[in-house]
Amino acid sequence: MTMTLAPRALPELLADRRVASVTGTNGKTTTTHFLTAAVKAGTPDGQRNVVTNADGANLHHGIVSALGEAPDATIAVLETDERVVADVVAMGNPEVLVLLNFSRDQLDRNHELTFLGRDWRAALEGAAEHGPTVVANACDPLIVWVCQKARQVIWVDTKPRWTADSTLCPNCDAVLTHGEDGWDCPGCELSQPAADWWVEDHDAVEASGRRFHLDVQVPGSFNLTNATCALAAAIHMSIQPEDALRGIATVESPAGRYATCTISGTHCRLLLSKNPAGWTESLPLTTSDPLVLAIDAVAADGKDVSWLWDVDYEQLVGRTVICTGPRALDLAVRLQYAGVKHVVIEGLAQALSSPLLAGKWDSDHPIDVLSTYTPFQKLRRLGGLA
């Protein structure tokens, strides 16, 4: 409604604010929470002076709504959908732009990653000397290609498990080579840049030699790199490292991710993954047996579930999986070929009341429920988290 009545609401609401934008296929919600907490901790009256949309309303309308509710906030930390990045760069003159990764996601919506990359690259080129400093994933070739047009780049080595979306060079289409020192293109000058930041154990390490211990409350090595990206961005925004780290340590379950709750009498932990890259990072975090996997394929999930065949479900052999959600049968077919023992219970509440879960959990060892976006939101409501 706001943008119908005021088509220029976005640039007008972004004007006169310091803007930090966070985007990428995976991790943008958690990283936005990290960066928001870091900036609030290091800003006088941070609760009032910092506005964010960190719970996933990351399209034009969601950003406008968040900004409109905090007209006096001087700093905006914005989770930004991949399709909105170019507009935020052009209209908001962000101080810092965090580019996390590019991966296949919602294949019916974002058909080809390179097209999005071209939009980002053109936006950075158009911004020229007024463009943002980019905190960028050095391990993603498409991100590196995009950043050739950036004014300044702070490179982060993220050491991803998933590299299947970085096969061809985005600059010349040659087949990239991957090795211990990163990736390289044999056909042109594009190669993995030297990192300004990386993670060692639980420390964020700066190339200058400074080390900062990451007291991160959410699991996974990928969240240590997300926290490192947020720390690098916060320091660039003149936040003192100790304040930024104190803020980052307060983030426990961003928008319900990794939260524990009780559904149908079962104590469970909710994990969200939306695409092969996300499932590749999240599956190793699951420890419960049985494990509950929830699948749907409406617009917010992406209607194409062919990506199920790119996930290494074979690692679940020896455990029992409860397949649930409207597309549980698609997952069951994939698990059948993977040789994973499974049952299908399509209703979410019914799945979590299954006799298979009786006696399999306690307060310290919840049942892991890994889900795509739409079932995840339903599970949050069932668990009283939304």
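The values are calculated or read from the model by the stated rules, or taken from the named source; none is laboratory data. This is a predicted model, so every value here is computed, not measured. Because the Cβ atoms are built from the backbone with ideal geometry, glycine has one as well, and the counts that use them run over all protein chains shown. Keep in mind that these areas ignore ligands, DNA and RNA; they rest on the heavy atoms of the full protein, side chains included. Shrake-Rupley method; radii C 1.70, N 1.55, O 1.52, S 1.80 Å.
Residues that are open to solvent by less than 30 Å² (accessible area, probe 1.4 Å) and free of Cβ contacts under 8 Å to residues at least 40 places away in the same chain within segment 129-139 comprise Val134, Ala136, listed in sequence order. Does Cys323 meet the test of being in contact with a Pro (Cβ under 7 Å, 6 or more places away or on another chain) and either assigned by the TED database to the domain that holds Leu97 or buried (at least 20 other Cβ atoms within 10 Å of the Cβ) (or both)? So Cys323 fails the test. The condition of being in contact (Cβ under 8 Å) with a residue 40 or more places away in the chain and either within 28 Å of Arg8 (Cβ to Cβ) or not assigned by the TED database to the domain that holds Arg17 (or both) holds for only one of Gly42, Gly56, Gly126, Gly62, that being Gly56.
When restricted to residues that are at pLDDT 95 or above, open to solvent by less than 50 Å² (accessible area, probe 1.4 Å) and more than 24 Å from Leu283 (Cβ to Cβ), segment 173-208 contains 14. For residues that are among the small types (Gly, Ala, Ser), part of a loop (DSSP other than H, G, I, E, B) and touching a strand residue (DSSP E or B) at 6+ places or on another chain (Cβ under 8 Å), scanning just segment 333-368, find the one that is surrounded by the most Cβ atoms within 10 Å (Cβ to Cβ). This residue is Ser354. The sole residue among Ala259, Ala244 that is out of contact with any helix residue (DSSP H, G or I) (no Cβ under 6 Å at 6 or more places or on another chain) and small (Gly, Ala, Ser) is Ala259. Looking for something in a loop (DSSP other than H, G, I, E, B), at pLDDT below 95, open to solvent by 50 Å² or more (accessible area, probe 1.4 Å) and out of contact with any Phe, Trp or Tyr (no Cβ under 8 Å at 6 or more places or on another chain) - is there at least one such residue anywhere in segment 97-106? The answer is no, given that none of the residues of segment 97-106 is in a loop (DSSP other than H, G, I, E, B), at pLDDT below 95, open to solvent by 50 Å² or more (accessible area, probe 1.4 Å) and out of contact with any Phe, Trp or Tyr (no Cβ under 8 Å at 6 or more places or on another chain).
Checking Ile143, Ile154 one by one, the residue that is among the aliphatic types (A, V, I, L, M), part of a helix (DSSP H, G or I) and within 21 Å of the chain's Cα centre (by Cα) is Ile143 and no other.
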